[in-house]
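Report on one structure; see the data block that follows.
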Amino acid sequence: MTDSPDLPAGNWPELKPGWVWLCGAGPGDPGLLTLHALNALRQADVIVFDALVEPEILDWAPQAEHIYAGKRGGKPSAKQRDISLRLIDLARSGKRVLRLKGGDPFVFGRGGEEAQTLIQHGVPVRIIPGISAGIGGLAYAGIPVTHRDVNQSVTFVTGHDQSGETPSSLDWKAISDGSQVIVIYMGIKHIARIAAALRDAGRQMSEPCAVVVSATTGDQQVLETTLGSLESDLSASGLEPPAIICVGRSVLMRQVLDWQSLALGEAPRNLDPLGRGKPAETA
Ligand code: SAH
């Protein structure tokens, strides 16, 4: 157990009894918490947390009761209602409630639904954003989610809908045509279908892809592959969720920006993976 870090002096908001703070915990590495999250951890009477919140983060709130409310990807939304009702009960009993979710609470985390239910029941809330895995997790793998030579837009998609199926509402052709870089959350289960949909939509078999597993944690693993080999390489790797899948040429930047390997003394594999031919800063 590590001691909770100190907050810098300042006029930090008070988590009042009867309130729920809906807070993102970032993708894993406790250093990626916000100061508002730390402030919340220090004041909470009870923390209702998800599967993807690192245990060390909870260690920073030893005074609080810790309630696990994890769900397996794509499984029933009935349980979501139970979680919301639990939060309402806790708030009404006068607790200072911290609802802690992985990444950002409003990115594929049902945070919007939870906050709406709380407000509908008259429970006051504060929203504390967090670093989403699709941005921070890729950065830890050395993949910039945008890069001037690659993309002017990025699309974040979920590989699951409420029923646990590939989201039928997704227009893969439009996504493929409209976005050079596609970042897929919860994509492992349906990777074969997603990859096929992207190929059918015209994306090249040779297009670079990366699968970043347990990003920013001590268990981070990265698989680099192509759209043509994504399913086979993924199943051969034995890698398991949670994973962010990135499709697009920005994955190539990892050849120069894999800063975790550089920190271990490895040389960059390629200083100019996008073939700019001149140092980026002079352009
Ligand atoms: N609100 C979260 C996403 C929740 S959905 C966020 O903003 O990041 C859960 C999915 O997020 C997982 O299935 C996985 O696709 C992704 N995810 C969350 N944490 C991750 C991590 N540390 N490494 C890789 N993927 C992660």
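The values are calculated or read from the model by the stated rules, or taken from the named source; none is laboratory data. Not measured: the values here are computed from a predicted model. Cβ atoms come from the backbone with ideal geometry, glycine included; neighbour counts cover every protein chain shown. Accessible surface areas use protein heavy atoms only, side chains included; no ligands, DNA or RNA. Shrake-Rupley method; radii C 1.70, N 1.55, O 1.52, S 1.80 Å.
Solvent exposure of the range 20-131, expressed per residue, is 43 Å² of accessible area, with all protein chains present and a 1.4 angstrom probe.
Looking at the chain, the DSSP beta bridges with both ends there are about 40 percent antiparallel.
Rolling a 1.4 angstrom probe over the protein heavy atoms, how many square angstrom per residue are accessible across the range 134-263?
About 42 Å² of surface per residue is accessible.
Across all directions, the average flat footprint of the convex hull enclosing the Cα atoms of the range 20-131 is 6.0 nm². Couplings 3J(HN,Hα) of the range 41-52, computed from phi: 4, 6, 9, 5, 8, 9, 10, 9, 10, 9, 4, 8 Hz, in residue order, whole Hz [Karplus 6.51 cos²θ - 1.76 cosθ + 1.60, θ = phi - 60°; x for Gly and Pro]. Using C-alpha pairs under 8 Å with a sequence gap of at least 6, the mean separation divided by the residue count of the range 1-128 gives a relative contact order of 39 percent. Taken one residue at a time, the phi angles of the range 101-113 give Karplus couplings (6.51, -1.76, 1.60, θ = phi - 60°) of 10, x, x, 9, x, 9, 10, 6, x, 6, x, x, 5 Hz. Gly and Pro are set to x.
Between exposed trypsin sites (Lys or Arg not before Pro) in the chain, where DSSP calls loop and at most 15 other Cβ atoms lie within 10 Å, what's the longest gap? The segment 149-268 is the longest one with no such site.
All other residues whose Cβ lies under 11 angstrom from that of VAL125 are scored, Lys and Arg at +1 and Asp and Glu at -1, for a net of +1.
Of the GluC sites (Glu not before Pro) found in the range 182-266, those that fall in a DSSP loop while having at most 12 other beta-carbon atoms within 10 Å are GLU266. Of all DSSP bridge pairs formed entirely within the range 20-131, close to 5 percent run antiparallel.
Between TRP259 and SER153, the simple label model (points 7 Å from Cα in the Cβ direction) yields a spacing of 2.9 nm.
If you take the beta carbon distance between HIS121 and THR226 as r and set R0 to 45 Å, what does 1/(1 + (r/R0)^6) give as a FRET efficiency, to the nearest 0.05? Rounded to the nearest 0.05, the efficiency is 0.40. The residues HIS66, HIS147, HIS190, sorted by heavy-atom accessible surface at 1.4 Å with ligands and nucleic acids left out, run HIS66, HIS147, HIS190 from largest to smallest. Simple point charges give the picture: +1 on the Cβ of Lys and Arg, -1 on the Cβ of Asp and Glu, and for the chain a dipole about the Cα centre of about 680 debye.
In the range 86-165, what percent of the accessible surface is made up of carbon and sulfur (1.4 Å probe, ligands and nucleic acids excluded)? C and S fraction of accessible area: 52 percent.
Placing +1 on the Cβ of every Lys and Arg and -1 on the Cβ of every Asp and Glu, with nothing else charged, gives the range 134-263 a dipole about its Cα centre of roughly 220 debye.
Approximating the spin labels as points 7 Å out from Cα along Cα→Cβ, the LYS173-to-ALA9 distance works out to 6.3 nm. Take SER237: with every protein chain present and a 1.4 Å probe, its accessible area is about 50 Å². Between LEU35 and ALA192, the simple label model (points 7 Å from Cα in the Cβ direction) yields a spacing of 5.0 nm.
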